[in-house]
Amino acid sequence: MKQIQLTNRDIFKVMEALAPTYLAYDWDNVGLQVGAYNKPVSKIMITLDVLENVVDEAIEKHVDLIIAHHPLLFKPLRQLNMDTPSGKIMQKLVNHGITVYASHTNLDAAIGGVNDQLADAIGLTSSRVLVDEQSKSLVKLAVYVPISHIDQVREAISKAGAGHIGNYSHCTFHSHGQGTFKPLEGTNPFIGNTNQLEKVEEAKLETIVEEHKLSSVLEQMIDAHPYEEVAYDIYPLGNKGEAMGLGRVGHLEEKMVLRDFVEKVKSAFQMENVRVTGNLDKKVKTIAILGGSGEKYIHQAKLKGADVYITGDMTFHIAQDAWQIGLAVIDSGHYAEKIMKDAVKNYLNDRFKDMGIEVITSTTNTDPFQFM
């Protein structure tokens with residue numbers, strides 16, 4: 001069987017199934033940073049940042065595509081000066097044909113994204129969104145299928161992301177009936193003869209689809225369907241999908257003193273040191289966490305009942321404010337988001353298994369801080 005050559009566009013579509021671009025903040029710059037959509041790809045490297053030493057690693061390892069959490073380009077370029085650090089990076093990327101793609105605040109907010117990964121790493125249960133909550137828009141898809149192909153079409157649309165309700169997949173309903181059609185001149189019908197009315201036992205297969213996944217689901221549905229012309233309906237729904245947004249709030253399985261919880265966080269995030277405010281001997285249970293720079297959300301964390309708020313880049317006076325309102329803070333630094341590297345690697349490996357795509361994580365340390 002001939003293997004299909006995948007392009008950057010194919011990888012981007014799969015990344016955006018995990019982290020839709022509409023979840024990104026207006027000030028953010030996600031998606032293609034450098035390169036081309038239609039360039040073939042066989043080796044991908046996942047990194048937190050795109051620094052010159054990361055690009056050197058990608059060149060050495062013959063990488064075609066870099067997927068980064070932090071965008072290489074935040075603002076439009078006014079000039080491309082090869083004497084600057086950013087200019088050198090761009091020159092190396094272009095000269096070696098390496099594409100860069102960024103998934104930033106959209107990956108932070110996505111279900112299964114950075115904040116869920118951080119929450120899972122420290123064992124939070126019953127976690128919910130901390131800030132900027134929104135819900136996925138849903139539609140109902142109904143497609144008419146000959147009885148012989150119900151299972152084939154159901155499997156295709158389910159693999160494309162249809163029929164997911166909570167922790168259940170392949171959620172569909174089908175009812176039986178009789179379909180009629182007359183193939184006209186120039187058609188090549190799967191069933192029936194030209195200019196003769198056909199009556200066929202069919203099923204109406206219904207399912208629920210997140211709106212941003214609809215195009216992919218329709219593509220797979222049409223590919224799996226035996227008919228030359230597929231009959232289907234799409235209905236908007238008032239139902240709301242899962243909530244999405246920045247940060248998570250959840251609970252530890254058992255209360256523990258802050259001092260011990262700090263050690264748990266350091267171990268989970270592989271950090272040698274963290275900064276902490278609060279009474280180290282106080283017992284804690286409800287935890288809020290937001291990867292990256294989250295100091296402005298201390299009041300949301302407190303309002304949602306958090307005993308401890310874990311985030312990065314906490315400044316002196318904001319830390320004092322948190323201390324005064326009785327909210328303990330663990331500043332784990334921005335580099336804790338490196339947890340996304342293995343998570344994205346595993347996600348892509350699962351989606352592109354046996355398709356000739358190699359996915360690796362960058363081994364370059366991009367944390368500018370050293371602890372002495």
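The numbers here are math on the coordinates, done by the rules we state, and not lab data. It should be emphasised that the depicted structure is a prediction, and the values quoted were computed from it without experimental measurement. Because the Cβ atoms are built from the backbone with ideal geometry, glycine has one as well, and the counts that use them run over all protein chains shown.
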Placing unit charges on C-beta atoms (Lys and Arg positive, Asp and Glu negative, everything else neutral), compute the dipole magnitude of the stretch 224-286 about its Cα centre in debye, rounded to 20. 780 debye
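Do you know the relative contact order of the chain, to the nearest whole percent, from alpha carbon pairs under 8 angstrom that are 6+ apart?
20 percent
Cα convex hull of the stretch 201-254: how many Å³ per residue?
Details: hull volume 9.3 nm³, N = 54.
Residue-normalised Cα hull volume stands at 173 Å³.
Assign one of three labels to the chain, namely rounded, prolate or oblate, based on the Cα gyration tensor with a ≥ b ≥ c the square roots of its eigenvalues; rounded applies when a/c is under 1.5, prolate when it is not and a/b is larger than b/c, and oblate otherwise.
oblate
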Which three lengths, in whole Å and largest first, does the stretch 165-315 cover when its Cα atoms are put on their principal axes? 83, 27, 26
Binning at 10 Å from 0, report for the stretch 255-306 what percent of all alpha-carbon pair distances ends up in each bin. 21, 54, 24, 0
On a straight-distance basis, which aspartates and glutamates could pair with K136 in a cross-link, Cα separation under 15 angstrom, same-chain partners fewer than 8 positions away excluded? E16, E210, E211, E242
Looking only at chymotrypsin sites (Phe, Trp or Tyr not before Pro) in DSSP loops with at most 16 other Cβ atoms within 10 Å, what is the longest site-free stretch of the chain? 191-368
Counting helices only, and only those DSSP H runs with n ≥ 4, report the 222 nm mean residue ellipticity of the chain as the sum of -39,500 (n - 2.57) divided by its residues, in deg cm²/dmol to the nearest 500. -8000 deg cm²/dmol
In whole angstrom, the spacing between the Cα centers of the stretch 11-70 and the stretch 299-338 equals 30 Å
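When only Cα pairs under 8 Å and 6 or more residues apart are kept, what is the percent relative contact order across the stretch 256-372?
24 percent
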Loop-resident sites, the stretch 87-188, for GluC sites (Glu not before Pro), counting at most 16 other Cβ within 10 Å (DSSP): E185
Just in the stretch 211-255: which GluC sites (Glu not before Pro) are loop by DSSP and have at most 15 other Cβ atoms within 10 Å? E228, E229
Using just the Cα positions, wrap the stretch 247-364 in a convex hull and report its mean projected area in square nanometres, one decimal place. 8.6 nm²
Unit charges at the beta carbon, dipole of the stretch 224-324: most positive-side option, I318, G292, L280: L280
Can you spot the lysines whose alpha carbon is less than 25 Å from K92's alpha carbon? Ignore those fewer than 8 places along the same chain. K39, K43, K61, K75, K338, K341, K345
Roughly speaking, what % of Cα-Cα pairs in the stretch 77-223 are separated by over 21 Å, rounded to a whole number? 66 percent
Given charges of +1 on the Cβ of Lys and Arg and -1 on the Cβ of Asp and Glu, with all other atoms neutral, how large is the dipole of the chain about its Cα centre, in debye to the nearest 20? 460 debye
Proximal lysine pairs, the stretch 208-294, alpha carbons under 21 Å, eight or more residues apart or interchain: 12
Got a sec? Charge dipole of the chain, +1 on Cβ for Lys and Arg, -1 for Asp and Glu; which of H149, P20, Y235 is way out at the positive end? P20
Could you compute the longest span of the chain free of trypsin sites (Lys or Arg not before Pro) located in DSSP loops and having at most 11 other Cβ atoms within 10 Å, not counting the site residues? 79-352
Quick shape check on the stretch 88-147: root eigenvalues a ≥ b ≥ c of the Cα gyration tensor, a/c under 1.5 is rounded, otherwise prolate if a/b tops b/c, else oblate, and it reads oblate
Rounded to the nearest 5, what % of the DSSP beta bridges within the chain are antiparallel ones? 70 percent
Give me the percent relative contact order of the stretch 34-170, please, defined on Cα pairs under 8 angstrom at least 6 residues apart. 20 percent
Over 26 Å, how big is the tail of the calculated P(r) for the stretch 1-146, in percent of all Cα pairs? 37 percent
